[in-house]
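Scroll down for the structure; my scribbles are underneath it.
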Amino acid sequence: MKLYEKTADELSRLLKNKEVSAIEVVGDFLDRIEEVEPYLKAFITHTPALALETAREVDNRRVKGEVLHPLAGVPVAVKDNMCTENIRTTCGSKMLENYIPPYSASVVAALQNAGMPLLGKTNMDEFAMGSSTENSAFFITRNPWNTDRVPGGSSGGSAAAISAGMAPLALGSDTGGSVRQPASFCGVLGLRPTYGRVSRYGLIAFASSLDQIGPFALTARDCALLLSVISGHDPLDSTSLPKDVPAYAEELELNPGSLRVGVIRENVSDHFDAEIKEAVYKMVGKMEKDGAMVEEFSLPLTDYGLGAYYLIAPSEASSNLGRYDGVRYGYNAGGDDIESMFSKTRGVGFGAEVKRRIMIGTYALSAGYYDAYYLKAMKVRTMIRRDYEAAFKKYDLLVGATSPTTAFGIGEKTDDPLQMYLSDICNITDALAGVPSLSIPSGIHSNGLPIGMQLTASPFSENLLLKVASYFEKTGASLTERPLVEFPEGGII
Ligand code: GLN
């Protein structure tokens with residue numbers, strides 16, 4: 001077995017026992033990237049020299065007998081909306097095409113402190129707006145399971161990188177599904193943590209009341225290890241919460257007999273792909289057989305959730321993106337006076353979807369419409385949160401599909417924004433409620449593509465989600481498989 005096929009936990013053990021060096025591990029992933037990246041294009045920026053430098057440092061420290069972090073020497077990929085000091089951070093946008101941040105996001109600093117070599121910055125929908133990574137200003141990323149399909153989005157580059165063996169771990173960000181949906185499309189695990197669990201300092205803002213950084217991984221244990229690195233209070237982010245971080249990876253045992261499980265009816269809707277529903281019921285059936293109490297229930301506001309999200313997120317985006325005016329950051333298109341410079345810069349620097357959102361958000365926040373749109377949406381959000389609070393009185397765990405379909409075709413939804421928005425229908429209410437949610441692999445569809453199941457729990461119950469994921473791995477119901485695509489000679493992009 002090649003090193004790039006191993007889990008982060010396996011690599012950690014090999015490194016600790018000095019059976020391999022960090023230089024060898026990083027070298028193997030760099031070779032793999034060179035082999036498959038021409039077909040997939042998961043990265044916007046590669047950082048091989050930096051990865052090797054970190055690996056060398058880790059190896060030297062290990063030789064000296066220093067006590068290292070368990071993930072020291074285990075490489076990682078990071079979505080290109082998290083600032084990396086002295087490394088270009090584009091957010092998938094022409095606006096920031098040449099932006100080199102003078103500081104690192106707190107999560108990136110945490111990866112560095114743990115001694116994790118950074119392989120590069122991954123492709124994404126511009127400003128994280130999208131569900132397919134087709135809104136990147138640079139290029140599309142292809143799904144490693146079928147290169148005619150999208151990898152999901154907006155964190156599609158990170159998901160594709162893990163699935164194709166280009167990195168054992170990666171970070172993405174989830175505003176309304178952007179970690180979980182691509183995880184399900186690429187057949188890996190993707191966790192959206194509780195709002196406030198992980199610092200957003202240095203994450204380029206899309207919708208600040210929704211954005212959360214989360215891990216992509218191959219197993220529950222790997223996901224737990226990475227979550228431990230990035231979690232915790234950060235004085236630089238006033239919305240991060242001062243709560244203890246459990247030793248997630250040490251607490252993966254579960255007795256399913258003690259669980260009360262609620263199947264969200266709206267997330268196994270009759271409109272969904274039948275095989276996806278079947279896969280969810282099969283997984284749930286296993287828990288029931290092992291003693292869990294299982295019941296269907298309804299989150300009737302799910303339909304309104306989509307509408308509320310597409311008012312709240314664009315409203316916050318319209319404010320957050322006001323700073324890109326050609327003066328303070330990034331791209332400047334020039335112009336005869338300040339007004340024409342602003343409008344030319346924003347007209348050329350932003351792509352169509354970003355402009356659409358800025359317009360919707362500006363409209364929803366404008367004086368005459370604030371009460372009718374933004375305020376209404378905020379009220380719906382509160383009602384959704386209450387529905388979740390009520391659900392968690394009855395159930396420990398909520399389950400359903402991660403997405404109504406498996407990965408869709410490249411170009412299939414690009415002309416129809418509403419269809420694109422609907423692909424996150426199962427992910428948005430969790431985000432509005434601020435609760436943690438994890439997508440786990442749940443088998444392969446007869447079309448050859450992976451299926452994802454979504455697990456949701458009450459705030460700060462990430463450990464329960466990871467325990468359930470680990471339980472499903474042990475029963476064999478949830479195993480991360482590798483796409484067995486044979487890549488043609490010479491690349492396809
Ligand atoms: N697809 C959703 C959107 O376009 C969610 C994106 C995200 O989570 N960043 O807004």
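The values are calculated or read from the model by the stated rules, or taken from the named source; none is laboratory data. Because the structure is predicted, anything quoted here is derived from the model rather than measured. Here the Cβ positions follow ideal geometry from the backbone for every residue, glycine too, while neighbour counts run over all protein chains shown. What goes into the accessible areas is simple: the full protein's heavy atoms, side chains included, and nothing from ligands, DNA or RNA. Shrake-Rupley method; radii C 1.70, N 1.55, O 1.52, S 1.80 Å.
Residues in the range 255-268 that are open to solvent by 20 Å² or more (accessible area, probe 1.4 Å) and over 16 Å from Ser458 (Cβ atoms): Asn255, Gly257, Arg265, Glu266. The set of residues from the range 452-477 being of a type in the set (Val, Ile, Thr) and open to solvent by 10 Å² or more (accessible area, probe 1.4 Å) comprises just one member, Thr475. Pairs linking a residue in the range 343-368 that is away from the ligand (no atom under 13 Å from the Cβ) to a residue that is outside any helix (DSSP H, G or I) and open to solvent by 70 Å² or more (accessible area, probe 1.4 Å), with Cβ atoms under 6 Å and 6 or more positions apart or on different chains, are Thr345/Asn332.
Take the range 181-208 and flag every residue that is of a type in the set (A, V, I, L, M, F, W, C), open to solvent by 10 Å² or more (accessible area, probe 1.4 Å) and in a loop (DSSP other than H, G, I, E, B). Steps first, please.
Step one: of the range 181-208, the residues of a type in the set (A, V, I, L, M, F, W, C) are 183, 185-186, 188-189, 191, 198, 203-207.
Narrowing the set further to residues that are open to solvent by 10 Å² or more (accessible area, probe 1.4 Å) leaves 203-205.
Passing the criteria: Ile204, Ala205.
Yes/no matrix, rows are residues, columns are (1) open to solvent by less than 10 Å² (accessible area, probe 1.4 Å); (2) touching a Cys at 6+ places or on another chain (Cβ under 8 Å); (3) charged (D, E, K, R):
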{"residue": "Pro38", "(1), (2), (3)": "no, no, no"}
{"residue": "Leu71", "(1), (2), (3)": "yes, no, no"}
{"residue": "Pro101", "(1), (2), (3)": "yes, yes, no"}
{"residue": "Asn113", "(1), (2), (3)": "no, no, no"}
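For the range 151-180: of the residues being assigned to a loop (DSSP other than H, G, I, E, B) and more than 12 Å from the ligand (Cβ to nearest atom), which is farthest from Val25 (Cα to Cα)? Result: Pro151.
Looking only at residues in the range 317-332 that are open to solvent by 40 Å² or more (accessible area, probe 1.4 Å) and closer than 15 Å to Lys355 by Cα, which one is nearest to the ligand (Cβ to nearest atom)? Checked the range 317-332; the qualifying residue nearest to the ligand (Cβ to nearest atom) is Ser319. Kindly establish whether Glu288 is within 20 Å of Pro441 (Cα to Cα) and open to solvent by 80 Å² or more (accessible area, probe 1.4 Å). The answer is yes for Glu288. Residues that are of a type in the set (Asp, Glu), out of contact with any Cys (no Cβ under 7 Å at 6 or more places or on another chain) and crowded, with 19+ Cβ neighbours inside 10 Å occur in the range 307-316; there is at least one. Within the range 290-305, the set of residues being in contact with a Lys or Arg (Cβ under 6 Å, 6 or more places away or on another chain) and assigned to a strand (DSSP E or B) comprises Met293, Glu296. A count restricted to the range 393-409 and to residues that are outside any loop (DSSP other than H, G, I, E, B) and within 24 Å of the chain's Cα centre (by Cα) stands at 6. Within the range 139-150, the set of residues being assigned to a loop (DSSP other than H, G, I, E, B) and open to solvent by 10 Å² or more (accessible area, probe 1.4 Å) comprises Phe139, Ile140, Arg142, Trp145, Thr147, Asp148. Give me the pairs, please: first residue somewhere in the range 430-448 and under 21 Å from Gly476 (Cα atoms), second residue anywhere and aromatic (Phe, Trp, Tyr) and open to solvent by less than 10 Å² (accessible area, probe 1.4 Å), beta-carbon distance under 7 Å, and either six or more positions apart or on two chains. Pairs that qualify, where the first residue is under 21 Å from Gly476 (Cα atoms) and the partner is aromatic (Phe, Trp, Tyr) and open to solvent by less than 10 Å² (accessible area, probe 1.4 Å), are Ile440/Phe472. Among the residues in the range 273-288, are any of a type outside the set (A, V, I, L, M, F, W, C) and in a loop (DSSP other than H, G, I, E, B)? Within the range 273-288, one or more residues are of a type outside the set (A, V, I, L, M, F, W, C) and in a loop (DSSP other than H, G, I, E, B). Restricted to the range 114-138, and to residues there that are of a type in the set (Asp, Glu) and assigned to a loop (DSSP other than H, G, I, E, B), the residue that is nearest to the ligand (Cβ to nearest atom) is Asp125.
Applying the condition of being surrounded by 18 or more Cβ atoms within 10 Å (Cβ to Cβ) and not charged (D, E, K, R) to the range 51-66 and asking which residue is nearest to Lys79 (Cα to Cα) yields Ala51.
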